[in-house]
Amino acid sequence: MMKPESKYKSNRKIGNKAEKLAEIWLIRNGYQIAHKNWFKNHQEIDLVVENAKYRVFVEVKFNNAKSMNFPESKINKYKRQFIQNCAQQYQEEFPCNKTIRFDIIAITQSAFSYQLFHMKDAFYGRHSCKSSNRLSHFYDIDFNVKRF
């Protein structure tokens, strides 16, 4: 049986890998990373990225292929409120005039690759958590993670 602290370290290691994959994906799609794991008052935002038009707060979720649920299903209304409150604190510390957006990047690990699902404007937009047609937004990630 795993000790609680070793399970935390293992989960953190997996989380770091997922966040690195999300970071690579976002950079390849024209975003600049403003902050990684921004933390204040016991609240954390996984990634804050920007492009010419948007400041995007990104929540990264990860599952392996054995899981019965999609990774983004872990984000309920309380988690959304938590992320929005954290984003508000971030905006107070780093103000800007860009449009604010909340994205979810869900990564599923299969035997030989990763599947990445980028849900843009996940809380309010056309592809929000409530109305997403998930199968139309998959991207297969076939690069070797060990290179990074």
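The values are calculated or read from the model by the stated rules, or taken from the named source; none is laboratory data. Given the structure is predicted, the values throughout are model-derived calculations rather than measurements. A quick note on method: Cβ atoms are made from the backbone with ideal geometry, for glycine too, and the neighbour counts reach across all protein chains shown.
Return yes or no: is ILE33 under 16 Å from GLN84 (Cβ atoms) and either in a strand (DSSP E or B) or touching an Asp or Glu at 6+ places or on another chain (Cβ under 9 Å) (or both)?
On the way: under 16 Å from GLN84 (Cβ atoms): no; either in a strand (DSSP E or B) or touching an Asp or Glu at 6+ places or on another chain (Cβ under 9 Å) (or both): yes.
Judged against the criteria, ILE33 is not a match.
Can you tell me which residue within region 51-81, out of those that are assigned to a loop (DSSP other than H, G, I, E, B) and of a type in the set (A, V, I, L, M, F, W, C), is farthest from GLN32 (Cα to Cα)? Give the steps one after another, and end with the answer.
Taking region 51-81 first, the residues assigned to a loop (DSSP other than H, G, I, E, B) are 51-53, 65-70, 75-76.
Okay, now just the ones that are also of a type in the set (A, V, I, L, M, F, W, C), so 52, 65, 68, 70, 75.
Numbers: ALA52: 9, ALA65: 30, MET68: 33, PHE70: 27, ILE75: 24 Å.
Going through the qualifying residues, I end up with MET68.
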- Item | Residues that are modelled with pLDDT under 90, assigned to a strand (DSSP E or B) and of a type outside the set (Phe, Trp, Tyr), drawn from region 36-50 | LYS40, GLN43, GLU44
- State whether one or more residues within region 82-90 are outside any helix (DSSP H, G or I) and either surrounded by 13 or more Cβ atoms within 10 Å (Cβ to Cβ) or of a type in the set (Ser, Thr, Tyr) (or both). no
- Item | In region 1-33, residue modelled with the highest pLDDT [restricted to those that are surrounded by fewer than 16 Cβ atoms within 10 Å (Cβ to Cβ) and small (Gly, Ala, Ser)] | GLY30
- Message: List pairs: first residue in region 104-124 and on the phi > 0 side of the Ramachandran plot and surrounded by fewer than 20 Cβ atoms within 10 Å (Cβ to Cβ), second residue part of a strand (DSSP E or B) and acidic (Asp, Glu) anywhere in the structure, Cβ distance under 9 angstrom, at least six positions apart or on different chains.
- Response: ASP121/ASP103
- Message: Going residue by residue through region 53-61, is there one that turns out to be more than 16 Å from PHE123 (Cβ to Cβ), surrounded by fewer than 13 Cβ atoms within 10 Å (Cβ to Cβ) and touching a residue at least 24 places away in the same chain (Cβ under 8 Å)?
- Response: yes
- Message: Quick check on region 55-88: of everything there that is in contact with a strand residue (DSSP E or B) (Cβ under 7 Å, 6 or more places away or on another chain) and of a type in the set (Lys, Arg), which residue is nearest to ILE100 (Cα to Cα)?
- Response: ARG55
